[in-house]
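Only one structure is covered here, and it is reproduced in the block below.
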Amino acid sequence: MMLFKNISKQIQILRKYSISIPMSKFDKNPLPYEILQEKLNIVRQRLQHPLTLTEKILYSHLDSPKDEKLVRGKSYLRLRPDRIAMQDATAQMAVLQFISSGLTKVAVPTTIHCDHLIQAQKNANADLKRSLGLNKEVFDFLGSAAQKYGIGFWKPGSGIIHQIFLENYAFPGLLMIGTDSHTPNGGGLGGLCIGIGGADAVDVMANIPWELKNPKVFGVKLKGKTSGWTCSKDIILKIAGVLTVKGGTGAVLEYFGPGTDEISCTGMGTICNMGAEIGATTSIFPYNDKMKEYLLATGRKDIAATADKYKNELLTADKNCEYNKIIEINLDELEPYVNGPYTPDRVNELSKLGSNAKQHRWPMNISNALIGSCTNSSYEDMSRCASLVKQAMSHGVKAKVPFYITPGSDKVRATMERDGLIKVFTDFGGTVLANACGPCIGQWDRHDIKKGEKNTIICSYNRNFSGRNDLNPGTHSFLASPEIVTAMSMAGTLDFDPTTQELTGKDNEKFRLTPPSGDQMPKKGFEAGSSDIYVDPPKDGSSIELKIDPSSKRLQKLEPFPKWDGKDLLDMMILIKIKGKCTTDHISAAGPWLAYRDI
């Protein structure tokens with residue numbers, strides 16, 4: 001009963017504000033700018049100093065802005081996120097926990113995205129069909145729970161959670177939590193989007209304020225403009241080398257400076273996405289014209305117009321605000337990077353990659369090249385890569401190694417197909433995989449090498465720890481921009497620098513690739529894609545029956561724990577001690593282990 005009183009109170013609060021523009025085409029909840037501005041004004045009166053963009057968004061989402069302690073790096077904040085997003089692997093336990101609460105509906109807009117359980121094996125259609133069979137009980141359960149508890153449901157094949165979120169739900173000034181470490185992707189559209197554990201998501205679904213240690217704020221000042229072979233991916237690859245995999249822990253990376261206006265919205269998303277690899281709480285860019293262009297291209301002109309009104313006061317850092325640390329990058333001087341192997345902070349300048357590989361005896365020949373994933377799967381990424389493929393094909397050159405392409409969403413895939421990019425890649429020898437995570441997270445049924453066999457792959461993904469992509473500790477995985485990955489697939493070796501070296505064409509003619517080019521947004525607009533990939537929940541889901549097979553080895557309704565007796569547990573056994581670089585891949589690996597994550 002208390003839950004409904006609280007929700008009713010929040011609805012009454014929202015009704016007194018004039019903005020009635022929905023947060024998305026799937027929501028009735030209005031954009032919260034007016035209430036955010038009101039809370040921010042309260043905090044301004046308290047602090048009396050310029051605020052970073054990070055502080056503006058966090059403090060405007062405080063549960064109680066009048067009396068919360070606001071000390072960076074020390075105090076804890078009680079926050080009210082605008083929405084929640086969950087992927088299919090982590091959503092299972094979160095939903096089961098929510099069910100055990102006894103509540104009938106989630107308190108904030110929530111979505112489930114089926115992207116993690118689709119294993120890459122043959123091609124998009126075959127792999128999707130196979131996954132629907134292997135994971136039917138999970139998809140049926142999540143679909144029925146979404147209908148019952150008021151959750152939006154994105155079906156398998158719809159796309160990767162972060163790309164779907166950017167296309168449909170993200171907006172400047174948003175505070176969102178997601179049960180996936182690369183949730184920060186939404187920072188590319190000016191939102192503060194933070195990856196969390198399932199238990200935190202359950203709290204927010206149950207209308208409990210979310211607690212976060214007030215992060216420090218690291219400013220990243222960008223000036224100049226990327227050109228030639230460099231792109232947004234090289235910015236975060238460089239920063240990974242500067243801060244290392246733990247240098248951003250407890251901090252938000254906030255980008256500022258004139259260089260931010262030169263990067264596309266999806267490019268900014270790439271940078272924010274991979275901020276997770278340096279341990280950052282999240283990353284964010286200020287609202288600018290590139291974001292506005294993306295909002296318009298994805299059918300959200302009303303949101304763009306409203307964000308324009310709040311740009312200076314709410315969606316941009318104050319002048320003379322203070323950062324805990326500042327990193328400066330001149331994009332005019334930036335060169336392409338290839339990071340790895342085995343860690344995303346091992347930086348190799350492209351010009352030195354071949355010599356570094358020889359010195360460290362890394363396998364020189366590339367066994368597979370892969371582009372796409374949630375990090376680099378936008379239309380811009382794909383069109384730039386296609387420009388290189390067209391050049392190579394005009395000289396009779398195709399991929400020397402298996403080349404895989406993962407579109408980020410069904411919208412991107414459909415637009416690529418309409419504009420002929422799918423055919424360009426398949427004629428080149430590429431294989432288009434399902435709109436899902438696939439090899440990026442270890443969902444790759446790979447048979448071209450034996451377990452333990454040393455080999456090299458190069459990809460445009462975000463993470464490359466041991467066994468991450470194919471569960472093989474012998475695989476040396478390198479991270480680069482999709483453009484560099486595409487170019488290197490033509491040579492098949494790490495000892496190739498497309499910025500300075502030539503390829504040999506069909507008639508033994510030497511040629512050099514010209515730098516990639518592409519459209520940030522498709523000239524003909526985005527295709528809608530399939531019409532049945534999203535399921536909206538009914539107003540009343542009380543009659544919906546949950547689909548949990550009593551004999552299932554993957555799903556089980558939770559039973560309440562015995563009431564706590566007030567005593568702490570003592571003399572408990574330590575199961576494992578860890579030192580060095582320990583990641584979620586070591587704690588809870590993907591691949592076949594996903595089936596056991598929620599037992």
Tally up the residues in region 25-46 that are open to solvent by less than 50 Å² (accessible area, probe 1.4 Å) and assigned to a helix (DSSP H, G or I), please. 9
Out of ILE239, ILE303, ILE284, report the one residue that is under 24 Å from ARG384 (Cβ atoms), buried (at least 19 other Cβ atoms within 10 Å of the Cβ), in contact (Cβ under 8 Å) with a residue 12 or more places away in the chain and hydrophobic (A, V, I, L, M, F, W, C). ILE239
Only one residue in LYS358, LYS325 is more than 30 Å from GLN48 (Cβ to Cβ) and surrounded by fewer than 17 Cβ atoms within 10 Å (Cβ to Cβ), so which one is that? LYS358
With the requirement that a residue be on the phi < 0 side of the Ramachandran plot and surrounded by 12 or more Cβ atoms within 10 Å (Cβ to Cβ), what does region 487-500 give you? ALA487, MET488, SER489, MET490, ALA491, THR493, LEU494, ASP495, PHE496, ASP497, PRO498, THR499
Scanning region 528-581 residue by residue, those modelled with pLDDT of 95 or more and either outside any loop (DSSP other than H, G, I, E, B) or closer than 30 Å to ARG413 by Cα (or both) turn out to be ILE533, TYR534, VAL535, ASP536, PRO537, PRO538
Selection status of ASP203, under 20 Å from the mean Cα position of the chain (by Cα) and of a type in the set (D, E, K, R): no
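Quick grid of which residues meet (1) modelled with pLDDT under 95; (2) under 26 Å from the mean Cα position of the chain (by Cα); (3) over 30 Å from ALA297 (Cα atoms); (4) buried (at least 23 other Cβ atoms within 10 Å of the Cβ):
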position: LEU388; (1), (2), (3), (4): no, yes, no, yes
position: VAL401; (1), (2), (3), (4): no, no, yes, no
position: ALA414; (1), (2), (3), (4): no, yes, no, no
position: LEU421; (1), (2), (3), (4): no, yes, no, yes
The conditions are (1) of a type in the set (A, V, I, L, M, F, W, C); (2) open to solvent by 20 Å² or more (accessible area, probe 1.4 Å); (3) part of a helix (DSSP H, G or I), and CYS440 fails exactly one of them. Which is it? (2)
Any residue in region 96-119 that is of a type in the set (A, V, I, L, M, F, W, C) and part of a helix (DSSP H, G or I) sitting within a Cβ distance under 6 Å of a residue that is at pLDDT 95 or above and open to solvent by less than 10 Å² (accessible area, probe 1.4 Å)? List the pairs, counting only those 6 or more apart or interchain. PHE98/MET205
From GLY247, GLY195, GLY224, GLY159, residue being open to solvent by 10 Å² or more (accessible area, probe 1.4 Å) and under 12 Å from the mean Cα position of the chain (by Cα): GLY195
Subset tally (residues that are under 16 Å from ASN365 (Cα atoms) and buried (at least 16 other Cβ atoms within 10 Å of the Cβ)) for region 445-461: 6
Being part of a loop (DSSP other than H, G, I, E, B), on the phi > 0 side of the Ramachandran plot and in contact (Cβ under 8 Å) with a residue 12 or more places away in the chain narrows it down to one of LEU471, LEU513, so name that one. LEU471
Residue list for region 92-106, restricted to those being open to solvent by 20 Å² or more (accessible area, probe 1.4 Å) and under 17 Å from PRO538 (Cβ atoms): LEU103, THR104, LYS105
Name the pairs whose Cβ atoms lie under 6 Å apart, with the first residue in region 577-591 and surrounded by 15 or more Cβ atoms within 10 Å (Cβ to Cβ), the second part of a helix (DSSP H, G or I), and 6 or more positions between them or separate chains? ALA590/ILE441
Of ARG72, ARG78, which residue is open to solvent by 20 Å² or more (accessible area, probe 1.4 Å) and part of a strand (DSSP E or B)? ARG78
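Looking only at region 497-506, decide whether some residue is more than 30 Å from GLU262 (Cα to Cα) and in a helix (DSSP H, G or I).
Within region 497-506, none of the residues are more than 30 Å from GLU262 (Cα to Cα) and in a helix (DSSP H, G or I).
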Out of region 501-558, which residues are farther than 26 Å from CYS114 by Cα, open to solvent by less than 80 Å² (accessible area, probe 1.4 Å) and of a type in the set (S, T, N, Q)? GLN501, THR504, THR514, SER517, GLN520
Scanning region 425-459 residue by residue, the ones that are over 14 Å from ASN123 (Cβ atoms) and in contact with a Cys (Cβ under 9 Å, 6 or more places away or on another chain) total 4
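The values are calculated or read from the model by the stated rules, or taken from the named source; none is laboratory data. Because the structure is a prediction, the values reported are computed rather than measured. A quick note on method: Cβ atoms are made from the backbone with ideal geometry, for glycine too, and the neighbour counts reach across all protein chains shown. These accessible areas exclude ligands, DNA and RNA; they are computed on the full protein's heavy atoms, side chains included. Shrake-Rupley method; radii C 1.70, N 1.55, O 1.52, S 1.80 Å.
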